[in-house]
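Asks: The structure's right below; bear with me while I get my questions together.
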Amino acid sequence: MATQTLVPARVTASKSPSASQTGPSAAKPSPWILDRWRDLLLFVGTPVLLIPIFTAAQARWSAQDIFLFVGAFGAMGHHLPGMIRAYGDRALFDRFKTRFLIAPLALLAVCIWSSVYNIQAIQLVALAWGIWHGMMQTYGFCRIYDAKASAKAVARARLDLALCFSWFLAAVLLSPMRFRTCLDLYYESGGPVVPPAIVLGMQYLIVLALAVVTALFLWRQWKDWRGASVVSPVKITLLVSSIAFWWYCNNGVQNILVGIALFEVFHDVQYLAIVWIYNRTRVERDASIHGFMRFVFRRSGSLIGVYVGLVLAYGSIALTTSGISIEAIKHVLIGIVTASALLHFYYDGFIWKVRETQTRAMLGIDGTGVGTLPAPRMWPAWVRHGLRWAVLVVPVAALCAAQLGGRVVPALERTGKVAEILPHDAQAQLNYGKALHEAGRVKEAIDKYEYALSRNPQLAEAEYFLGFAWEGLGDLDKSIEHHERAVQLDPKNGKWESRLARALFEKGLTKEARVRYEHSLSLDRNLPNAEKELADILLEFGEYQAAVEHYEAALRLQPDFPQAKENLSFARSLTGH
């Protein structure tokens with residue numbers, strides 16, 4: 001859910017008092033969307049459960065595996081319920097027909113084009129919009145809980161939005177891991193270099209804004225509590241849990257991929273639960289809804305399983321991209337995945353709004369002063385909507401032009417600037433070292449690798465590239481030492497194991513190299529160099545048929561591998577075939 005988002009749900013407890021029910025006997029509206037325990041489980045206290053679950057998951061799966069799984073079945077899968085409503089709710093579809101018909105075609109075309117030409121600006125948009133989208137979902141839930149508790153909810157809306165925006169933005173800007181990934185993507189998209197002084201000033205500014213907005217928010221809550229005791233404790237609890245969890249996911253985890261996955265699950269649980277409740281209530285109350293939407297969202301416990309199954313099936317599309325070898329199909333699938341995310345962010349910006357009459361009715365807050373629809377404005381709705389798109393399209397088009405025109409900041413310069421901005425971030429120093437290494441400045445790269453390890457001794461990738469660098473300088477003892485350390489830190493990395501094997505082989509430790517090559521291929525069967533180099537060792541040992549099999553395996557993985565072809569012919573001649 002995004003802009004002013006919100007997802008409604010079934011009215012629980014008592015309904016809001018009507019205008020005629022203003023006396024002492026009027027029933028007090030429930031402060032909950034569902035009820036206390038389900039709200040705490042699904043909307044407010046979910047992080048308390050997720051952290052131990054993810055801690056256990058990391059003991060079994062890598063951060064990359066967790067990220068890919070959540071990204072597919074969670075991040076993409078949860079787009080489906082909103083799509084079902086957009087195209088299954090006839091009244092909603094008729095109201096926004098132009099958007100629902102044009103946006104998918106336009107965004108899909110742009111996303112496929114960006115995949116074909118590797119246009120990073122679209123990924124930058126998806127990243128920034130996704131952060132905004134997650135923040136707006138938290139804000140939207142605040143609006144619901146506040147409206148249920150107080151007739152003055154509208155007056156506090158802007159301050160709530162400012163609080164959410166400042167805390168969510170600060171968590172990103174002040175997180176070395178998250179800010180680095182954003183800055184790297186910005187440069188890869190064609191963005192000009194940002195001077196470190198500007199970045200530092202921006203960080204100071206957001207800290208100042210954070211202090212001011214938080215002080216104003218607390219003052220307003222205290223004033224409301226002193227005046228009429230209308231503060232919503234549920235909203236306050238939601239804000240604390242969501243913002244604290246967002247900060248933990250961006251600053252408190254060792255691997256940012258795990259942090260992203262953690263918050264994504266929290267976001268998905270909230271979204272899937274409340275959209276299920278809303279769509280089911282909508283189906284029950286509106287006889288005009290037919291077809292697939294009515295089938296899925298009927299009142300039946302068994303259909304929850306169907307709902308979750310559809311979400312997982314839709315999310316599985318994202319997993320297929322890595323297994324497709326035909327480039328044209330792969331680009332189409334990547335385009336579909338990216339377009340799905342952008343459409344989800346876009347649709348959620350206008351199909352769920354607390355100020356809408358229908359949404360208020362289903363939330364049980366009709367009589368609590370949520371506010372009427374805004375007064376007519378000077379500009380027609382289509383002009384305002386078009387201007388919002390222009391604000392997005394113009395800078396993105398400029399970035400695309402910069403990338404296509406070859407005006408992207410060179411890797412050495414941009415990684416150097418990021419390392420300067422984040423001098424204590426190990427990954428930023430490592431990335432700069434890799435760029436130096438690529439430029440042939442190996443000794444300078446080694447200094448950066450060693451500094452990265454001084455900041456984070458568990459950074460396995462720095463050990464790997466140190467081993468690679470010392471191998472290039474001819475110091476095999478140091479190369480083997482660092483490669484062994486890399487493998488110890490990441491024992492499931494077949495590529496790194498094969499590099500250790502190569503260093504051992506060049507050192508003359510052929511038997512040890514053979515064991516390492518065999519182990520690397522047991523971890524990863526997609527290593528043509530390891531297959532070829534193991535075959536070379538087997539030739540030395542006189543195991544000609546086994547060598548043939550590994551040369552053939554190397555050529556299956558890389559058909560244009562000339563050394564493997566030549567050595568295969570020689571090995572076959574030795575077998576007598």
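The values are calculated or read from the model by the stated rules, or taken from the named source; none is laboratory data. Source: prediction; values computed, not measured. All Cβ positions, glycine included, derive from the backbone under ideal geometry; neighbour counts span all protein chains shown.
Asks: Between residues in the stretch 292-304 that are at pLDDT below 85 and residues that are surrounded by 12 or more Cβ atoms within 10 Å (Cβ to Cβ) and not in a helix (DSSP H, G or I), which pairs lie under 8 Å by C-beta distance while being six or more apart or on different chains?
Replies: Pairs found: none.
Asks: Which condition does I243 not pass, out of (1) among the aliphatic types (A, V, I, L, M); (2) at pLDDT 85 or above; (3) over 23 Å from S62 (Cβ atoms); (4) part of a loop (DSSP other than H, G, I, E, B), if it passes all the others?
Replies: In the conditions (1) among the aliphatic types (A, V, I, L, M); (2) at pLDDT 85 or above; (3) over 23 Å from S62 (Cβ atoms); (4) part of a loop (DSSP other than H, G, I, E, B), I243 misses (4) alone.
Asks: Which numbered condition in (1) within 22 Å of E438 (Cα to Cα); (2) surrounded by fewer than 16 Cβ atoms within 10 Å (Cβ to Cβ); (3) among the hydrophobic types (A, V, I, L, M, F, W, C) is the only one that A469 fails?
Replies: Result: A469 fails condition (2) only.
Asks: Surrounded by 15 or more Cβ atoms within 10 Å (Cβ to Cβ) and without any contact (Cβ under 8 Å) to a residue 60 or more places away in the chain: which single residue out of A273, A261, A170, A197 fits that description?
Replies: Details: A273 fails: without any contact (Cβ under 8 Å) to a residue 60 or more places away in the chain; A261 fails: without any contact (Cβ under 8 Å) to a residue 60 or more places away in the chain; A197 fails: surrounded by 15 or more Cβ atoms within 10 Å (Cβ to Cβ).
None of the others qualify; the one that does is A170.
Asks: All but one of (1) over 31 Å from the mean Cα position of the chain (by Cα); (2) at pLDDT 90 or above hold for R285; state the number of the condition that does not hold.
Replies: It is condition (2) that R285 fails.
Asks: Among the residues of the stretch 212-260, count how many are small (G, A, S) and closer than 21 Å to I131 by Cβ.
Replies: Applying the first criterion (small (G, A, S)) to the stretch 212-260 yields 215, 227-229, 232, 241-242, 244, 252, 259.
From what is left, the residues that are closer than 21 Å to I131 by Cβ are 241-242, 244, 252, 259.
Of the residues in that region, 5 qualify.
Asks: Please work out which residue is modelled with the lowest pLDDT, limiting yourself to the stretch 145-156 and to residues that are surrounded by 19 or more Cβ atoms within 10 Å (Cβ to Cβ) and either touching a Ser or Thr at 6+ places or on another chain (Cβ under 7 Å) or over 17 Å from I243 (Cβ atoms) (or both).
Replies: Step one: of the stretch 145-156, the residues surrounded by 19 or more Cβ atoms within 10 Å (Cβ to Cβ) are 145-150, 153, 156.
Pick out the ones that are also either touching a Ser or Thr at 6+ places or on another chain (Cβ under 7 Å) or over 17 Å from I243 (Cβ atoms) (or both) and you get 145-150, 153.
Values: Y145: 89, D146: 85, A147: 82, K148: 81, A149: 78, S150: 70, A153: 63.
Result: A153.
Asks: Output the residues belonging to the stretch 368-411 that are in contact with a Lys or Arg (Cβ under 9 Å, 6 or more places away or on another chain), exposed (fewer than 15 other Cβ atoms within 10 Å of the Cβ) and at pLDDT 90 or above.
Replies: A401
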